[in-house]
1. Which members of region B:327-345 meet the condition of being more than 14 Å from chain A (Cβ to nearest Cβ) and aliphatic (A, V, I, L, M)?
2. Tell me the helices (runs of 4 or more DSSP H) entirely within region B:222-326 that contain at least 2 residues that are away from every other protein chain (no Cβ under 14 Å), crowded, with 17+ Cβ neighbours inside 10 Å and at pLDDT 95 or above.
3. Please return the ranges of helices (runs of 4 or more DSSP H) entirely within region B:102-213 where 2 or more residues are modelled with pLDDT of 95 or more and within 25 Å of the chain's Cα centre (by Cα).
Amino acid sequence: MTTPTQPTISPLPTAGERLQAQWRAQAERWATVNAHLPLETAGRLGAVVGASRKAIRLLLRWYINPIVEQQNHFNAALLSLEALHHAREQELLRELTELQQRVRELEARLTIDPPSPQ
Amino acid sequence: MNQLAIFTPLPPSSSGIGQYSSELLPTLATAYALTIVLADDAPEPAPLAIPVTIVRVSQFAQQRAPLLRLYQLGNSPEHAYILREAEEHPGICVLHDITLQHLQRWRALHEGPTAAAAYRAEMQARYGTLGKQAADDLLQNRPTTLSYQQIPLCERVVEQSLVTIVHSDYARAELLRHCPTAKVIIAPHGVPLLPLGDRTAARAQLGIAPDTLVIAALGNLIPEKRLEVALTAFARALYHLPDALFLIAGAASPHYTPCTFARMHGLEPVTRWLGRVSAAEFEQLLTATDLCVNLRWPTGGETSGSLLRMLAAGRATLVSDIGAFAEVPDDACVKIPLGPPAEAAIVRAFIQAGTLAGWADPIGARARAFVSTAHSFTRTLAGYQQAIRQAAAIVAKS
């Protein structure tokens, strides 16, 4: 009988972990939303358009800002949740590795000292 | 030679070496008449309870007093005047870090084109093409690929010194690797052994519940202390602990924001950021703590004053298994290996401290016993006296 070898957990990041890290970085990069992006005011027309936009922003501030704030809170909470899930996952993996090690040690002991017949 | 001029910052300076000096001076004053030389722009020092003369460096230059000079050198910009004096007037140099690269770079960037050119020339002279490249990288605002341990840039000041004092065997070996002809003496970093405080009372004052596992990272916040690693491990350990709190106190170095890291990882509710605290508040935090972390890496050969305070307070402390930190006995701290196994080792230590009653206390007791002998001011004084005797003999011969 061939005993299947136990999959071992690689100390190097796996493709999945690298992908996860990439999306985590993207999420962190874009988590903070800003309603007040810089206005372009090049040229005479640009200055007029810029001034109008500024006025519109001022008028809509009471409406837009709370929404942006809420979105930022939500994004931060989501990032926190993801980070804590990741921490839990790492912890489960550590426990799994330790348990695998214990199983291997116990199996090795069984091979050396087979149980005596009853 | 019973008179000594000591070039050092003093509290309220933010330099940890200022605190070190203020604690060491009473011991030195039992053997020597001391003149303390401060920077011209240093704040007025806190009053000292010993008879010392305090002068500014420009005043001292006018005095032309033939005193033996002792320079306390570290990497904070507050030591720039000390490095300048040590390079011009040989004396005893106390190197708190083997690498002076941080301070040398600060000088190159802040003391004008002449300082920048001198830095570039010295880097090239000491380390050849690699050194020149690293200097160019700095002066042209590019990150360098070399670690500061490869390019410590302490050679000139050490070679000019009569004698150099370091705090550990590791620092001595490292220094001799870079300056094989240097006269190096070890004077252990002394630390006061304060009476143990009342943990329950300290927690009550800080508003921390008696059963909470309190982990603390205290002292100046610098990237080398790797708070991110400790906080990541803390997040993992939280899944095994009923209640835990991570206390962080100390002045943060510029551009280093571990607080943002904690926020982005959802740890804000279980961390407390206290900023720079007074010596008394530092002791109170230590009293309230179950476990400390001081995971410095890479190391410039320094002995951490904040680590010694943690050990002196009888606190089990997690340290990186490297450099001078590896000289703490194995059973008087928790040594964390470098590399990928570090995080899991930290998690295990956090869980053990939080779930096994009395796990940390014996480690802390052994730590306090170790500090009481290996880091007593008596041993520090003996090291300084040996260095002063050697320096005086060299002066007498010349």
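1. B:VAL328, B:ALA332, B:VAL334, B:ILE336
2. Of the helices (runs of 4 or more DSSP H) lying wholly inside region B:222-326, those with at least 2 residues that are away from every other protein chain (no Cβ under 14 Å), crowded, with 17+ Cβ neighbours inside 10 Å and at pLDDT 95 or above span B:279-288, B:305-312.
3. Values: elements: B:112-139, B:155-160, B:169-178, B:199-206.
Qualifying helices (runs of 4 or more DSSP H): B:112-139, B:155-160, B:169-178.
For (1) more than 25 Å from B:THR380 (Cα to Cα); (2) small (Gly, Ala, Ser); (3) surrounded by 21 or more Cβ atoms within 10 Å (Cβ to Cβ), each residue gets a yes or a no:
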| residue | (1), (2), (3) |
| --- | --- |
| B:THR35 | no, no, no |
| B:ALA42 | yes, yes, no |
| B:ALA46 | no, yes, no |
| B:GLY74 | no, yes, yes |
| B:LEU83 | no, no, yes |
| B:GLU88 | yes, no, no |
| B:ASP97 | no, no, yes |
| B:TRP106 | yes, no, no |
| B:LEU109 | yes, no, no |
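Residue by residue, here is whether (1) without any contact (Cβ under 8 Å) to a residue 60 or more places away in the chain; (2) assigned to a helix (DSSP H, G or I); (3) touching a Lys or Arg at 6+ places or on another chain (Cβ under 7 Å) holds:
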position: A:ALA21; (1), (2), (3): yes, yes, no
position: A:THR32; (1), (2), (3): yes, no, no
position: A:LEU37; (1), (2), (3): yes, no, no
position: A:THR41; (1), (2), (3): yes, no, no
position: A:ALA55; (1), (2), (3): yes, yes, no
position: A:TYR63; (1), (2), (3): yes, yes, no
position: A:ASN75; (1), (2), (3): yes, yes, no
position: A:SER80; (1), (2), (3): yes, yes, no
position: A:GLN90; (1), (2), (3): yes, yes, yes
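Rundown of residues vs (1) more than 10 Å from chain B (Cβ to nearest Cβ); (2) closer than 24 Å to B:PRO269 by Cβ, yes/no style:
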| site | (1), (2) |
| --- | --- |
| A:TRP23 | yes, no |
| A:ALA31 | no, yes |
| A:HIS36 | yes, no |
| A:GLY50 | yes, no |
| A:GLU69 | yes, yes |
| A:ASN72 | yes, yes |
| A:LEU79 | no, yes |
| A:ALA87 | no, yes |
| A:LEU96 | yes, no |
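The values are calculated or read from the model by the stated rules, or taken from the named source; none is laboratory data. Bear in mind that the values here come from a model prediction, so they are computed numbers and not experimental data. In this analysis, Cβ positions are derived from the backbone assuming ideal geometry, glycine residues included, and neighbour counts consider all displayed protein chains.
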